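A short worksheet on the structure shown next.
The values are calculated or read from the model by the stated rules, or taken from the named source; none is laboratory data. All values derive from a computational prediction rather than experimental measurement. Here the Cβ positions follow ideal geometry from the backbone for every residue, glycine too, while neighbour counts run over all protein chains shown. All accessible areas refer to the heavy atoms of the entire protein, side chains included, with ligands and DNA or RNA removed. Shrake-Rupley method; radii C 1.70, N 1.55, O 1.52, S 1.80 Å.
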Amino acid sequence: NAIDNTEATIAAYQAIIDKLEASNVELEAQLAELQAQLDSLVAHKQNVINELNSIKTSDSERNTTVSLFAGFKMDIAQHFMVGLEAGTDLGNIKIGDNSKKELEIRGGTGFYALARTGVNLSNFTVYGQAGLMTRKYDMTYNGTFVKEHNGGQNITSAIYGLGVEARITDSLAVFTEYNHISSIDKLETNLIKASIKSDQIKVGSRFYFGL
């Protein structure tokens, strides 16, 4: 009886050992599966980081818009002037091409306000100006591992530049300007933050009405 009881005990212990070994095999399989998933997530994260670091957009886009504006000009001395101007920049602009896996940014109508000061030289005025512009932008990127879209965001930009105006008559002048526009706010999605910088060449005419 003692021998039988010992053998039964050994068999019971062996059954427990076999069960534990089977459980261990199952746990090892689960751990291997979790490790594979973890490795996949780590690889995906690195792919996302690499793609984010390689995102680019075109730096040679050209867009044409039309501006409507109003303001005033005041001569404060024989050869000096100051003025204010507010206006709207009509037309859509586009930077980058999403179909080429570039960061694509689209902008709608812009609104701006400028302060201006300059020097009067005979029938010409040379002036500098600075102010703010606001425009709604939409940003899209459809890459291999990164797909982002922000759905539209109002961005405030600083605008400053130089211009030359030629007086044709007492009430009509033509002008040309160079302005640099640099966003103050960041255009953002969950993964992407972008600053917007552009150079603007403006040619137009101004009509003056005396008070």
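Considering the values (i) 128, 31, 22; (ii) 46, 45, 31; (iii) 55, 29, 24, which represents Cα extents along the principal axes in Å as calculated for the structure under consideration? Answer by label: (i). For region 56-129, a Kirkwood radius taken over Cα pairs fed into Stokes-Einstein (25 °C, viscosity 0.890 mPa s) yields D = 164 µm²/s. By the helix-only formula, in which each DSSP H run with n ≥ 4 contributes -39500 (n - 2.57) and the sum is divided by residues, the chain has a 222 nm mean residue ellipticity of -9500 deg cm²/dmol.
Other residues whose C-beta falls under 14 angstrom from the C-beta of V119 contribute a net charge of +1, scoring Lys and Arg +1 and Asp and Glu -1. Split the chain at each of the trypsin sites (Lys or Arg not before Pro) in a DSSP loop with at most 11 other beta carbon atoms within 10 Å, and the longest piece is 63-211.
In this structure M81 has an accessible area near 10 Å², from a 1.4 Å probe over the protein heavy atoms. Once the Cα atoms are used to define both axes, helix 2-54 deviates from the longest principal axis of the chain by about 10 degrees.
In the context of the full set of protein chains, residues of the chain present 66 Å² of accessible surface per residue (probe radius 1.4 Å, heavy atoms only).
Rounded to the nearest 20 debye, the dipole magnitude of region 140-188 is 140 debye, with +1 charges on Lys and Arg beta carbons, -1 on Asp and Glu beta carbons, and the Cα centre as origin.
If R0 is 30 Å, the Cβ-Cβ spacing of L162 and L191 corresponds to a FRET efficiency of close to 0.20. Exposed loop sites here are chymotrypsin sites (Phe, Trp or Tyr not before Pro) in DSSP loop states with at most 12 other C-beta atoms within 10 Å. What is the longest stretch of the chain lacking them? That would be 1-207.
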